[in-house]
Protein chains: 2
Amino acid sequence: MNDTTTTTTTSQEFRFELDATCGNARAGRIHTAHGTVETPAFMTVGTYGAVRGMSPDGVRATGAQIILSNTLHLYLRPGLEVIDLHGGLHRMMGWDGPILTDSGGFQLMSLKSMLRIDDEGVDLRSPIDGSRHRLTPALVMEVQRRLGVDIAMVFDHCPAADASDAFKREAMDRSTRWAAQCLDQPRAPGQAVFGIVQGGVDLALRREHLAAIAELAPDGLALGGLAVGEGPQEMDRVVSAIAPEMPAEKPRYLMGVGFPRDLVASVQGGIDLFDCVIPTRHARNGQLFTPEGRINIANSRFRHDDGPVDPECDCLTCQRFTLAYLKHLYQTKEILYSTLATTHNLRFYQRLMRRLRQAIMDNNKARLAALSAQFAG
Amino acid sequence: MNDTTTTTTTSQEFRFELDATCGNARAGRIHTAHGTVETPAFMTVGTYGAVRGMSPDGVRATGAQIILSNTLHLYLRPGLEVIDLHGGLHRMMGWDGPILTDSGGFQLMSLKSMLRIDDEGVDLRSPIDGSRHRLTPALVMEVQRRLGVDIAMVFDHCPAADASDAFKREAMDRSTRWAAQCLDQPRAPGQAVFGIVQGGVDLALRREHLAAIAELAPDGLALGGLAVGEGPQEMDRVVSAIAPEMPAEKPRYLMGVGFPRDLVASVQGGIDLFDCVIPTRHARNGQLFTPEGRINIANSRFRHDDGPVDPECDCLTCQRFTLAYLKHLYQTKEILYSTLATTHNLRFYQRLMRRLRQAIMDNNKARLAALSAQFAG
């Protein structure tokens, strides 16, 4: 599984190349119609077609090569007419790099807006205006086609962690059927479609679903339904067991993860792609990432600290602004605080991914282990 | 009064040059230790040492040559220790251009935090933490010295518009004495100090106070206590009568003004400098300036408008983003909305000031009149 040869071309524009491996960890490149993503990669989240507090140029300046947005949220607001008006999401949001959209299955659970689910789709009530909608695999793929994103995700049914075994089985089988339907739908030019593997923390279920999804030959495979409360040890156990069994010639994406420790552990398990709101949301809440762990800008010790958040960091915030000033902006609720804090956290994540990639390219297990140790706990 | 010769050098670094006049309107340059401001100029407001929603680079990109911050607010938060830690406001906020600070007299009125005023100063209760402070002319100048701003304002007593004539007279006389004390205090290197002329809408009082303040030989003179509810016609009447009588060899600053129409009218009256929260605050509230007047981004007609806010505008927002997208960002409460809207409004103001300056440099009264007509009403 750990060869380093160039692999499958799965659609006209989309292509994944494996550059190197180090144990189970992989370094590669995902080529899309809007550019190349070096992996392992962290996808910056812009749920509504904007990264909170950041301009597209600001996002690019953090080193981001790909962003993630959300099909369901964009379908509800601004809606397909507005997306069509712009000819898709790239032009609407002014981001000309690769975009992946989550399909909305997970959001149905987290928004609690699902009214009814059956084998053909989901009835939901919009949390914005109460309007009713019916989502089907075909509609979700149509939305992603009209968004024109580089990577679309299949529509799946992500059951709650505390659902019964029978319900989880039903959700898994439904997700497989929906994935097959999604992969049969028309696509935007060059658009890849990734499948989603469910199965919770049960390795037998995960393996069964992985086999079923892999059989459908999606352009990449994702692990869904993790980081939903099972804890890092359980997540590591599932990822380290399942990721190496995912098709080596396709990108492997761990959805909604995570903290720096999760990224380091999961890259070592063989994951290539991540997304998470943690760096952006934590920034706005005063939490800034440093090599020594997170700091809370509200802490009184920063009132008189004229150093940067992280002396090693090359982000705009660390180059130009002090902790004392950031604390002042946070306390006066200045919008600029969110921008500067988010800039730093996103750059921190991108630098971490670069270090992981470099260690893999150098086949340096000791350096990967050192990163594990640094971010443990 | 309308000569065009180079005028007084009033301190080591601060210098005002008059480049041209057109009727009472003036074009000039204010030279400071942190750079030159071409006038007439609009000062972008960053009350707490940051412009809402904008980075220093973003402010600079709108064409801003000078920003305004607030002595009283910065004294209360983050306080002098933090300002000293940075060696002043320029480094703290990452803005290396000229800065003017308002002294806080007006804010004492608007915050309703004044407990007691006497001839030596003001007792106030902090609206942030309830702490009590005593502001005196000497303290206010010390704060501005430690802020290291290029232009400091004298501490004055700005009475409410509905105060009795006797109280207004008392406030005016007190302001004159305080101005004299302020002008006697130590300054930061190259720092200019401007006097403030009160007197409400009573031309006789205004003239009397102007004479008293001019006698103290400040580096520039401001008109305070306007745009506080008297209406544009009354303001125009006062400005057009008083501004031409202000010393021609010094900058003339109309505090807290205003809408585009106010700027055009007041420039024609002979004003050189303005500041106002309108472009920034209105932006955040959905109000965007265009040559045809203000638009409200919440209006449903923008939902399907893929044009820019203003096709003539060269700001980042108009170059890269549509009205439909801005409306989407506004409705989803994305922080990026505030940044993009503020960028546009500030650029709109800067472009207006450039057009006014160019018309004056060209001695083109017809063009000034056309701008008046365009922004009337």
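The values are calculated or read from the model by the stated rules, or taken from the named source; none is laboratory data. Note that the structure is a prediction, hence the values are computed from the model and not measured. With ideal geometry, Cβ positions are generated from the backbone for all residues, glycine too; neighbour counts draw on all protein chains shown.
Of the residues B:Ile297, B:Ile271, which single one is buried (at least 19 other Cβ atoms within 10 Å of the Cβ) and under 18 Å from the mean Cα position of the chain (by Cα)? After ruling out the rest, the residue left standing is B:Ile271. Taking the numbered list (1) basic (Lys, Arg); (2) surrounded by fewer than 24 Cβ atoms within 10 Å (Cβ to Cβ); (3) away from chain A (no Cβ under 13 Å) in turn, B:Arg26 passes all entries but (2). Within the range B:177-198, track down each residue that is farther than 18 Å from B:Asp102 by Cβ and under 21 Å from the mean Cα position of the chain (by Cα). Passing the criteria: only B:Gly190. For the range B:39-50, a residue qualifies if it is closer than 29 Å to B:Ala359 by Cα and over 12 Å from the mean Cα position of the chain (by Cα), and exactly one does: B:Thr39. Within this structure, A:Gly35 fails the test of being small (Gly, Ala, Ser) and farther than 25 Å from A:Arg355 by Cβ. Return yes when B:Tyr349 is within 14 Å of chain A (Cβ to nearest Cβ) and either in a helix (DSSP H, G or I) or more than 19 Å from A:Pro78 (Cβ to Cβ) (or both) and no when it is not. Considered against the rule, which asks whether it is within 14 Å of chain A (Cβ to nearest Cβ) and either in a helix (DSSP H, G or I) or more than 19 Å from A:Pro78 (Cβ to Cβ) (or both), B:Tyr349 comes out as no. Taking the conditions (1) buried (at least 19 other Cβ atoms within 10 Å of the Cβ); (2) touching an Asp or Glu at 6+ places or on another chain (Cβ under 6 Å) in turn, A:Thr290 satisfies each one other than (1). If the condition is being assigned to a helix (DSSP H, G or I) and surrounded by fewer than 24 Cβ atoms within 10 Å (Cβ to Cβ), then the range B:360-377 contributes B:Met361, B:Lys365, B:Ala366, B:Arg367, B:Leu368, B:Ala369, B:Ala370, B:Leu371, B:Ser372, B:Ala373, B:Gln374, B:Phe375. Of note, A:Glu17 satisfies the criterion of being surrounded by fewer than 23 Cβ atoms within 10 Å (Cβ to Cβ), in contact with a Gly (Cβ under 7 Å, 6 or more places away or on another chain), modelled with pLDDT of 95 or more and not in a loop (DSSP other than H, G, I, E, B). Taken over the range A:210-260, residues that are of a type in the set (Val, Ile, Thr) and in contact with a Ser or Thr (Cβ under 7 Å, 6 or more places away or on another chain) amount to 3. Counting just the residues of the range A:301-324 that are surrounded by fewer than 15 Cβ atoms within 10 Å (Cβ to Cβ) and either touching a residue at least 24 places away in the same chain (Cβ under 8 Å) or away from chain B (no Cβ under 12 Å) (or both), which one comes out farthest from A:Arg355 (Cα to Cα)? So, considering only residues that are surrounded by fewer than 15 Cβ atoms within 10 Å (Cβ to Cβ) and either touching a residue at least 24 places away in the same chain (Cβ under 8 Å) or away from chain B (no Cβ under 12 Å) (or both), the one farthest from A:Arg355 (Cα to Cα) is A:Arg301.
Condition check: under 30 Å from B:Val45 (Cα atoms) and among the β-branched types (Val, Ile, Thr). Does A:Val309 satisfy that? The answer is yes for A:Val309.
For every residue, the table says whether it meets (1) touching a helix residue (DSSP H, G or I) at 6+ places or on another chain (Cβ under 7 Å); (2) over 19 Å from A:Val45 (Cβ atoms).
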residue: A:Cys313; (1), (2): yes, yes
residue: A:Thr343; (1), (2): yes, no
residue: A:Arg355; (1), (2): yes, yes
residue: A:Gln358; (1), (2): no, yes
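Please work out if B:Arg91 is without any contact (Cβ under 8 Å) to a residue 24 or more places away in the chain and either among the small types (Gly, Ala, Ser) or surrounded by 18 or more Cβ atoms within 10 Å (Cβ to Cβ) (or both). Considered against the rule, which asks whether it is without any contact (Cβ under 8 Å) to a residue 24 or more places away in the chain and either among the small types (Gly, Ala, Ser) or surrounded by 18 or more Cβ atoms within 10 Å (Cβ to Cβ) (or both), B:Arg91 comes out as yes.
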